[in-house]
Protein chains: 2
Amino acid sequence: MSEAVRGALWESALGRRMGDKREEVETVARTLLEAEDLVVVTSNEKKVKAVNEVLREFGMREARPADLPTDMADATPCPALFKAVMGVQATDADVVIARGRLGVPGSGAMTVLMDSRCRVLTAALSPPHPLHGMDVEEAVRRELREALSRVIRSKG
Amino acid sequence: MSEAVRGALWESALGRRMGDKREEVETVARTLLEAEDLVVVTSNEKKVKAVNEVLREFGMREARPADLPTDMADATPCPALFKAVMGVQATDADVVIARGRLGVPGSGAMTVLMDSRCRVLTAALSPPHPLHGMDVEEAVRRELREALSRVIRSKG
């Protein structure tokens with residue numbers, strides 16, 4: 001992954017970057033599929049179950065929960081990203097899955113997957129709850145499925 | 001908006017936050033609909049045209065382009081967010097629209113809408129280009145439409 005990041009950095013610096021390459025997407029997919037220690041930042045057993053259901057669908061290993069005081073993430077501009085960073089710093093996981101507010105109150109939710117160097121691998125969004133009215137496990141499942149589908153070819 | 005943010009901060013701090021409220025979503029929508037000076041961080045005329053087409057659909061004012069050296073945003077963990085922050089700092093816009101990479105090379109794209117205090121109002125994602133193959137104006141239109149639909153009730 002570091003090689004992909006360095007390559008893209010130089011392309012950008014030289015004004016030659018033309019967008020994501022197929023090999024780069026494959027590197028992201030490989031990082032997810034080969035992760036051995038996955039953590040999901042939550043203490044809610046139902047959410048952990050929903051997450052693991054979807055991880056299995058994509059041929060990934062199961063995630064273990066990390067119970068962290070994430071309320072404080074809501075004081076940051078992008079709470080979902082910050083929760084993922086907390087997960088990276090407070091565990092030894094290869095990949096951290098976190099869900100939180102996208103931005104301001106009323107901005108809806110984001111599920112984000114981050115590697116052990118706080119690199120954003122993929123993500124997915126949901127509209128604010130008053131607008132979709134989905135129950136939270138269903139929203140967790142839908143977001144994680146979408147986040148993984150963005151970078152991993154489905155087996156179907 | 002500051003009131004909504006303060007209220008939600010206290011709810012989180014006291015462990016009483018129960019997710020986005022209808023009034024908060026309306027505050028986000030109002031911020032977008034009432035913005036007088038909108039900026040889109042790009043110098044590409046076709047992208048500006050695509051953006052303004054969608055803003056009109058939602059009853060918003062048109063955006064003017066800001067031509068900034070955004071290649072350096074690719075050196076940050078979330079280039080799309082960083083481009084938006086550059087737009088806030090380098091213009092006097094009420095609302096900044098920026099599109100860039102979500103995370104690592106291969107992680108796909110994000111369109112983000114930010115207010116003048118770098119608050120994230122809404123966003124939308126696309127899969128990496130090798131996987132969707134959409135042309136860039138079509139992707140811009142689709143993402144912006146999705147980002148606005150998350151918080152503004154469509155007029156249809």
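The values are calculated or read from the model by the stated rules, or taken from the named source; none is laboratory data. From a predicted model like this one, the values you see are computed outputs, not experimental measurements. Positions of Cβ are generated from backbone atoms using ideal geometry, with glycine treated the same way; all protein chains shown enter the neighbour counts. Heavy atoms of the whole protein, side chains included, go into the accessibility calculation; ligands, DNA and RNA do not. Shrake-Rupley method; radii C 1.70, N 1.55, O 1.52, S 1.80 Å.
Annotations
- Global geometry of the stretch B:1-103, whether rounded, prolate or oblate, following the gyration tensor of its Cα atoms and the 1.5 cut on a/c: oblate
- Across peptide B:6-17, the mean count of Cβ atoms from other chains lying within 10 Å of each residue's own Cβ comes to 3.
- In degrees, nearest ten, helix B:136-149 long axis to first principal axis of chain B (Cα): 10 degrees
- Under the Karplus curve 6.51 cos²θ - 1.76 cosθ + 1.60, θ = phi - 60°, whole-Hz ³J(HN,Hα) for the stretch A:65-77, x wherever Gly or Pro sits: x, 10, 8, 10, x, 7, 3, 5, 4, 5, 8, 10, x
- Pairs of Lys residues in chain B are counted when their Cα atoms are under 28 angstrom apart and they lie 8 or more places apart or on different chains; the count is 7.
- Axis-proximal residue, chain B, for the rotation superposing B on A (Cβ, Å): B:Leu125, 3
- Gap separating the Cα centres of the stretch B:91-156 and the stretch A:6-45, nearest whole Å: 19 Å
- Computed helical MRE - 222 nm, chain B, DSSP H runs ≥ 4 contributing -39500 (n - 2.57), nearest 500: -13000 deg cm²/dmol
- ³J(HN,Hα), Karplus 6.51/-1.76/1.60, whole Hz, each residue of the stretch B:104-113, x for Gly, Pro: 5, x, x, 8, x, 10, 9, 9, 10, 10
- Test item: Cα-centred dipole of the stretch A:1-131, Lys/Arg +1 and Asp/Glu -1 on Cβ, debye: 340 debye
- Summarising the amide proton neighbourhood of B:Ala66: residues at separation of 5 or more, or on other chains, whose placed amide H is nearer than 5 Å comprise B:Val40, B:Val41, B:Thr42.
- Charge dipole (debye, nearest 20) of the protein assembly as shown; +1 at Cβ of Lys and Arg, -1 at Cβ of Asp and Glu: 380 debye
- Protection-proxy order for peptides B:12-18, A:39-45, A:56-62, each taking the mean of Cβ atoms within 10 Å per residue, highest first: A:39-45, A:56-62, B:12-18
- Note, ³J(HN,Hα) from phi for the stretch A:49-63, Karplus 6.51, -1.76, 1.60, rounded to Hz, x at Gly and Pro: 5, 4, 4, 5, 4, 6, 4, 4, 4, 9, x, 9, 6, 6, 9
- Within 10 Å of the Cβ of each residue in A:69-80, the mean number of Cβ atoms contributed by other protein chains is 4.
- The accessible area of B:Lys47, taken with all protein chains in place and a 1.4 Å probe, comes to roughly 60 Å².
- Counting Cβ atoms of other protein chains within 10 Å of each residue's Cβ and taking the mean over peptide A:141-152 gives 2.
- Interface burial for A against B (accessible surface, 1.4 Å probe, total of both chains, Å², rounded to 100): 3500 Å²
- Copy-to-copy label separations for B:Thr76, where each label sits 7 Å from Cα toward Cβ, in nm and ascending: 1.4
- With an a/c value of 1.5 or above and a/b not larger than b/c for the gyration tensor axes a ≥ b ≥ c computed over the alpha-carbon atoms, the protein assembly as shown is described as oblate.
- At a probe radius of 1.4 angstrom, the accessible area of the protein assembly as shown per residue rounds to 47 square angstrom.
- Placed amide H near A:Thr122: partners under 5 Å, 5+ positions off or other chain: A:Leu113
- Global form of the stretch B:36-149, assessed from the alpha-carbon gyration tensor, a/c cut-off 1.5: oblate
- Of B:Val48, B:Met1, B:Met60, farthest towards positive along the dipole that unit charges on Lys, Arg, Asp, Glu beta carbons give the stretch B:1-71: B:Met1
- Result for chain A in a Gaussian network model with C-alpha springs under 10 Å: among A:Pro105, A:Pro127, A:Pro65, the largest mean-square fluctuation is at A:Pro105.
- Inter-copy separations for A:Arg6, label at 7 Å along Cα-Cβ, nm, ascending: 5.0
- Candidates A:Val104, A:Ala80, A:Cys118 compared by Cα position along the dipole of the stretch A:61-156: farthest toward the positive end lies A:Cys118, with charges placed on Cβ.
- For a label point 7 Å along the Cα-to-beta-carbon line of B:Met72, residues of the stretch A:1-34 with backbone N under 17 Å: A:9-16
- Surface composition of the stretch B:1-99: carbon plus sulfur atoms hold 50% of the accessible area, using a 1.4 angstrom probe and ignoring ligands, DNA and RNA.
- Ascending list, in nanometres, of distances separating the A:Glu36 label from those of the other copies (7 Å, Cα toward Cβ): 6.0
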